[in-house]
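Notes follow once the structure below has been shown.
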Amino acid sequence: MIRYLNIFLFEFKHFRKSKTKVISYLVFILACAFSLFNGFELQKKHLNTIDNIQINEDESISEIITWYENGEKGPKDRSWIDVTNPYWSIRYSSTYMIKEPSKLLPLGIGQSEQYGYYQKLSIWSSPFDSDIAEEITNYERLINGNIDFSFLILFLLPLLLIILTFNINGLEKDLKFNNLISIQVGGSKKWIFYRLLFYTFLVTTTINCMIFSVAFINNVFNQELLHLILLSNLYILIFIVPFYFIIKSSDGSTSIAFKMISLWLLLCVLIPGTAHQYANFKYPVNYMTDFLDANRKETYDVFKYSKEELNTRLLEIYPNLNSTYHARDTSVNRTVVRNTMSAIVNKLNTNAIGKIEQQNNLKNNLIVSTYWYNPVSYFQNKWNAITCSDYHAYSKFRNDIQRKIDDRLELLVFECWDNKTVDLKKYNSYLKTLRQSN
Amino acid sequence: MKEIIINEWVGYFINKLFVFLGVFFIFFLSLVTFLGIIQNDKIQNEQKLAHEHIRAQWDGMEASNPHSAAHYGTYAFKPISVLNSIDEGISSVTGNVLRLEGHRQNDIVFSEASQSLIISKFGKLNPSLIFQFIIPLLLIFFSFNTYISERQTGRLKLMLVQGASLRKIIFSKVLSIWFIGLLLLLLTLFIQIIFNSDNINSDVIIRLSVLFLSYAFYYFILINITILLSVIFKSSTAALSLTVLTWVFWTIFFPTIMGNTTEKLSPLPTRIEFKEAMSEDRSKGIDGHNPRGERRDALEKATLERYNVDKLEDLPINFSGIVMQEDEEYGNMVWDKHFGNLYIQLEKQKNNYQLSGFINPFAALQNLSMGSAGSDMYHHLDFLNKSESYRRVFIKTLNDEYAFGGSKTGERGWKASNEFFRSVKDFNYELPTFLSFYTKYLIDIIILLFWVFFTSILVYFFTRKITV
Amino acid sequence: MIKLQNISKSFKNEKALDNLSLSVNSGEIYGLLGANGAGKSTTLNLLLGFLDSDSGSIEITNSKDQQAIARDKIGYIPENVNLYPYLSGIENLDYFCKISGLSFNSQKLKDLLNECGLEDGSHNKKTSEYSKGMRQKVGIAIALAKNANIYLLDEPASGLDPMASNELSVILKKLSSQGATILMASHDLFRVRETCDKIGILKQGCLIKEMLSKDVTSNELEEVYLNFMQS
């Protein structure tokens, strides 16, 4: 056993004596540090934006509260606004839905640049509105990727491993002293194994330290962190295991390097590229015409409905409206009905969004079904899921937005139909429904 | 020289691995190119259907108020270029749908990348993926040992004694490997032309030529560098590891680093900052729906004077339409200022990235590849600009109809006929010709030529002093 | 001692060794001569366990207790002792010792190198700066370090200058005088005659002649060798 421990320990000397390996390793560490710095910057930028948004929201809400306190009905230059009416009170109280960045975001920004992380909600909002577009960004930078920690681990780390290991048993074969090694060790399998083990140890320790450093800085020690560590270590094995067999069976360092690079290309570029092409072939880009129809044509059709039609539609959506003040009245109040018709539009939007999400899910299911031969995409999406930056995290955010819109509209409809008068106390109770955090 | 090249090729053809790889790549590229064309047609068709669907809704619009129609608006669907199947560039990350309506300029939304989980970081399996990632590696593996094996087996000395110059030998080797890359490039272009014959026009031919030359130059540079390193280091392992390392830096590392750096050099505003700045400027204009405000009063006064009447009701036109258009014009001015600045920043980033080609020719290749395929940022910005130009004409047509189409001030219920709506020009985006854009790519072309020249000089220099 | 009995080995119907029998006693240096392809390297590879014979038996035993010797206890010196070029002589020796389960302090490692004739000043130089002879000496030190009783040498003198070649002979004789069993495959008639106790000539996988070196002069050996090769 001491022999193998010695092989393992001596490998540090081999590593130290190779300038290429040491420089590559150091460059990788620097890149990791830079990526974490970028990740923290992005997190900070998101948090700052969120702070500004919250300040903004607080200011506009306190303006409305001042009106109540001063007995005013709204802004002085807009006489038609009356915040004692639930319609104007709710319509004027635009609030934000925010997706807080995960504390682990510096470790993987995933798809977060593809989506918006806040939305201003009104009675006409929908989670697919254009104001929830992603942050302003340079698309060409986006396709080249960020110096993102997960990118470094998933795509560059295997290349670092290639540089570190391609001449194990390759140099010996190139210089034809592999037989001498075999004689000394009594077979090369374990010798290769322990040499590889050193680099596996080196790399996993480095990565784990990096992950822990983020955990320390952001004070996050939870199960997700453990999952991330496990995932990264497992990912390293995905490459190290085939590397072992390549090293064992190849004729020299050139052949080893060729095979390792081919494996990298296959796993990181070709297979995901093929799966991507296939998924897009089956489910091409969605121009969202269902949603566009709901959002525009059908919405405008709703505008043309008579008050009776609107009334019927609203009662279909909210059967409990029957017990409200206006529903009990025999004549339909035109203003109340028109003020609450955004709930009908919301219903149309929700139906269309359901179809879109369903289509997206079909595509996602297809992607998931490729995981068994497409491990890199699996690790990538798992990683992003842990850092809450994958499609599902944003899909959940959209669902949260939709729920909040539904709540807002339900409040609007019932309060308007019940002919309520809004005072400060009532308004504060509205805010509990309207605002994300109370 | 010709004899050496022919001899090299004979050598390739008796090498089983080479023949296998050659056949594999020819088959693989043909398949990928062909499937890419089908995929492109499919997306183009989807885009056309979406466009027709939306236009049909517009054409079927009942008699309505033109300003309501401006709010109703329309949609611009970003089309993909014919050569998108070769290099899809940024197509998958940009939005595809842009709502064009009155009072506001929207963001382009619904990118393909936002519609699913991530599948591939380096893009779909299309010819550009093979040209940029796989063929260069193949060429590296063909070239790293070509000189060293000649040297180690003593054939090099033999050839020199026979009277061939070292430079000739080296350049012959460079050219013979380069021809392999050219062959694969030509094959792809050939398939593209055959299966896309309906869409081939002079612009597509120019774009394909630029694409071909860009990759051809890049391959030449890469082979030159590989052979140069093998000449300098005299060890196949050192040559291979250094070239692969160079490839990794060029292809994976530098583009990401440079992307981040250019973004830091010319930072972009956050969306909320941008919107706030815009809405602040916008609030200084006329609110089309708010009957108050100094600017509005001034406009009212000027209009009354122009028509020589005292009251709005006496105007032969609908003043509301004038106000709406004035509001639009102001909004356009604000848009021009803010989006103009944003686009300037984006172009600065792009220019800086282009300059990084001097240390990384892959950047120049990438720009030219996307540019010639019509899928880069310049083309995207062109689409956004033309959409906005269309939006302006579209809204102005509607506002003018509102103002001058026969209604008078205060007639809110006035409606324009269906014929009028049908007569409003549709938005048909045409991809700009490459020649109208070529100046934007001059720097990339210069960079690739510089690298061709620079690496050739290095090979020339090092083969002068070489000791065999 | 080394004992091969009726060993045959073929590669794709091509006979490399044909019923080969030979033995090398402890304290003896055996020189195996033969042209390229005669079967010398195949014989060594069979002894090293890199190849399995088609038929026959191989015995490699310790002269003291007659126990079979494990492969990692055999000293092997290839034609080119290539080492890790970025490590020094002493580091290479240290590494090769460690991978065979041995651990020595630096003094012991130095002693081993000195014993093989490598001067002190060279111990800490990178082996990329070593001559072939110097690398041979490190190779012998590697074998010595594990206290090998059996030494297999494949063309050890090839490419060595006369001085280094002579030094190698001296070292090998010293080892045999200490009881080591040495089998050396070579083309070099003169060096074999000078170094070995017994000489065997291999031709097309058959041992066609065995003689004691003390019974022939160098010229006679050359004559015998050429005669057999031409016949």
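The values are calculated or read from the model by the stated rules, or taken from the named source; none is laboratory data. This one's a predicted model, so the numbers in the text were calculated from it and none came from an experiment. So basically every Cβ, Gly included, is an ideal-geometry build from the backbone, and we count neighbours across all protein chains shown.
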Notebook entry, point to check: Of all residues in segment A:140-158, which are within 7 Å of chain B (Cβ to nearest Cβ), at pLDDT 90 or above and surrounded by 24 or more Cβ atoms within 10 Å (Cβ to Cβ)?
Noted result: A:Glu140
Item checked: Residue under evaluation C:Glu79, criteria (1) modelled with pLDDT of 85 or more; (2) at the interface with chain A (Cβ under 10 Å from one of its Cβ atoms); (3) part of a loop (DSSP other than H, G, I, E, B), criterion not met -> (1)
Notebook entry, point to check: Has segment C:177-198 got at least one residue that is surrounded by fewer than 16 Cβ atoms within 10 Å (Cβ to Cβ) and in a helix (DSSP H, G or I)?
Noted result: yes
Notebook entry, point to check: Would it be correct to say that A:Lys259 is without any contact (Cβ under 8 Å) to a residue 60 or more places away in the chain, among the charged types (D, E, K, R), assigned to a helix (DSSP H, G or I) and facing another protein chain (nearest Cβ under 8 Å)?
Noted result: no
Margin query: Which condition from (1) touching a residue at least 40 places away in the same chain (Cβ under 8 Å); (2) of a type outside the set (D, E, K, R); (3) within 16 Å of B:Ser387 (Cβ to Cβ) is the one that B:Phe77 breaks?
Written below: (1)
Checklist line | Subset of segment A:89-134 that is assigned to a strand (DSSP E or B) and either of a type outside the set (A, V, I, L, M, F, W, C) or at pLDDT below 90 (or both) - its residue that is nearest to the chain's Cα centre (by Cα) | finding: A:Tyr118
Checklist line | Scope segment C:105-121; condition assigned to a loop (DSSP other than H, G, I, E, B) and modelled with pLDDT of 90 or more; matching residues | finding: C:Asn105
Checklist line | Test result for A:Phe414, touching a Phe, Trp or Tyr at 6+ places or on another chain (Cβ under 8 Å) and modelled with pLDDT of 95 or more | finding: no
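In segment A:31-46, is there at least one residue being more than 23 Å from A:Cys209 (Cβ to Cβ), within 34 Å of the chain's Cα centre (by Cα), more than 14 Å from chain C (Cβ to nearest Cβ) and touching a residue at least 40 places away in the same chain (Cβ under 8 Å)?
Checked against the condition, which is being more than 23 Å from A:Cys209 (Cβ to Cβ), within 34 Å of the chain's Cα centre (by Cα), more than 14 Å from chain C (Cβ to nearest Cβ) and touching a residue at least 40 places away in the same chain (Cβ under 8 Å), segment A:31-46 yields at least one hit.
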Check: Restricting attention to segment A:269-278, which residues are farther than 19 Å from B:Phe25 by Cβ, more than 7 Å from chain B (Cβ to nearest Cβ) and of a type in the set (A, V, I, L, M, F, W, C)?
Finding: none
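Test A:Leu202 against the stated conditions and say whether it is more than 12 Å from chain C (Cβ to nearest Cβ), crowded, with 21+ Cβ neighbours inside 10 Å and within 25 Å of A:Leu231 (Cβ to Cβ).
Details: more than 12 Å from chain C (Cβ to nearest Cβ): yes; crowded, with 21+ Cβ neighbours inside 10 Å: no; within 25 Å of A:Leu231 (Cβ to Cβ): yes.
No; evaluated as a whole, the condition is false for this residue.
For segment A:408-438, give me each residue that is outside any loop (DSSP other than H, G, I, E, B) and among the hydroxyl-bearing types (Ser, Thr, Tyr). If you could, list the steps in order and put the result at the bottom.
Here is the first cut: in segment A:408-438, the ones outside any loop (DSSP other than H, G, I, E, B) are A:408-417, A:424-434.
Passing the criteria: A:Tyr427, A:Ser429, A:Tyr430, A:Thr433.
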Checklist line | Subset of segment A:380-407 (residues that are within 25 Å of A:Arg435 (Cβ to Cβ), touching an Asp or Glu at 6+ places or on another chain (Cβ under 9 Å) and assigned to a helix (DSSP H, G or I)) | finding: A:Ser395, A:Arg398, A:Asn399
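Looking at A:Ile162, A:Ile132, can you tell me which residue is within 30 Å of A:Leu348 (Cα to Cα), within 11 Å of chain B (Cβ to nearest Cβ), surrounded by 22 or more Cβ atoms within 10 Å (Cβ to Cβ) and touching a residue at least 40 places away in the same chain (Cβ under 8 Å)? Write out each step before concluding.
Values: A:Ile162 fails: within 30 Å of A:Leu348 (Cα to Cα).
Exactly one residue qualifies, and that residue is A:Ile132.
In a helix (DSSP H, G or I) and within 19 Å of the chain's Cα centre (by Cα): does that describe B:Glu401? Full working, then the answer.
On the way: in a helix (DSSP H, G or I): yes; within 19 Å of the chain's Cα centre (by Cα): no.
Here the answer is no, as B:Glu401 does not meet what is asked.
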Notebook entry, point to check: Within segment A:287-297, can one find any residue that is among the hydroxyl-bearing types (Ser, Thr, Tyr), farther than 30 Å from A:Leu197 by Cβ and free of Cβ contacts under 8 Å to residues at least 24 places away in the same chain?
Noted result: yes
Notebook entry, point to check: Within segment C:5-53, can you find the residues that are basic (Lys, Arg) and at positive phi?
Noted result: C:Lys12
Checklist line | Any pair with Cβ under 7 angstrom, 6 or more apart, that starts in segment B:240-258 at a residue that is at the interface with another protein chain (Cβ under 7 Å from one of its Cβ atoms) and ends at one that is at pLDDT below 90 and outside any helix (DSSP H, G or I) | finding: B:Leu240/B:Phe144; B:Thr256/A:Gly145; B:Thr256/A:Asn146; B:Thr256/A:Ile147; B:Ile257/A:Ile147
Checklist line | Subset tally (residues that are within 11 Å of another protein chain (Cβ to nearest Cβ) and within 23 Å of A:Glu59 (Cα to Cα)) for segment A:99-118 | finding: 3
Item checked: Whichever residue in segment B:215-239 is within 14 Å of chain A (Cβ to nearest Cβ) and in a helix (DSSP H, G or I) and, among such residues, is nearest to B:Ile140 (Cα to Cα) -> B:Thr226
Next item on the list: For segment A:241-256, name all the residues that are part of a helix (DSSP H, G or I), touching a residue at least 60 places away in the same chain (Cβ under 8 Å) and surrounded by fewer than 20 Cβ atoms within 10 Å (Cβ to Cβ).
Entry: A:Lys248, A:Ser255
Item checked: Extreme residue, farthest from the other protein chains (Cβ to nearest Cβ), among residues of segment B:94-108 that are of a type in the set (A, V, I, L, M, F, W, C) and surrounded by fewer than 22 Cβ atoms within 10 Å (Cβ to Cβ) -> B:Leu100
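Of A:Phe221, A:Phe212, which residue is surrounded by fewer than 21 Cβ atoms within 10 Å (Cβ to Cβ) and more than 28 Å from A:Phe10 (Cα to Cα)?
Checking each option against the conditions leaves just A:Phe221.
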Notebook entry, point to check: Can you pull out the residues in segment A:356-379 that are at the interface with another protein chain (Cβ under 9 Å from one of its Cβ atoms) and assigned to a loop (DSSP other than H, G, I, E, B)?
Noted result: A:Thr370, A:Asn374
Note to self: Residues that are of a type in the set (Phe, Trp, Tyr), away from chain A (no Cβ under 14 Å), buried (at least 16 other Cβ atoms within 10 Å of the Cβ) and not in a helix (DSSP H, G or I): does segment C:28-48 have at least one?
What the structure shows: yes
Next item on the list: Of all residues in segment A:382-430, count the ones that are away from chain B (no Cβ under 14 Å), of a type in the set (Val, Ile, Thr) and within 25 Å of A:Ile356 (Cα to Cα).
Entry: 2
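For every residue, the table says whether it meets (1) surrounded by 12 or more Cβ atoms within 10 Å (Cβ to Cβ); (2) more than 24 Å from A:Glu410 (Cβ to Cβ); (3) modelled with pLDDT under 90; (4) touching a His at 6+ places or on another chain (Cβ under 8 Å).
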site: A:Ile61; (1), (2), (3), (4): yes, no, no, no
site: A:Glu72; (1), (2), (3), (4): yes, yes, yes, no
site: A:Pro75; (1), (2), (3), (4): yes, yes, yes, no
site: A:Trp80; (1), (2), (3), (4): no, yes, yes, no
site: A:Tyr87; (1), (2), (3), (4): yes, no, no, no
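So which residues in segment B:410-468 are of a type in the set (Gly, Ala, Ser), over 18 Å from B:Thr74 (Cα atoms) and crowded, with 16+ Cβ neighbours inside 10 Å? I'd like the intermediate steps shown before the answer.
Step one: of segment B:410-468, the residues of a type in the set (Gly, Ala, Ser) are B:410, B:413, B:416-417, B:423, B:436, B:456.
Checking which are over 18 Å from B:Thr74 (Cα atoms) leaves us with B:410, B:413, B:436, B:456.
Matches in segment B:410-468: B:Ser456 only.
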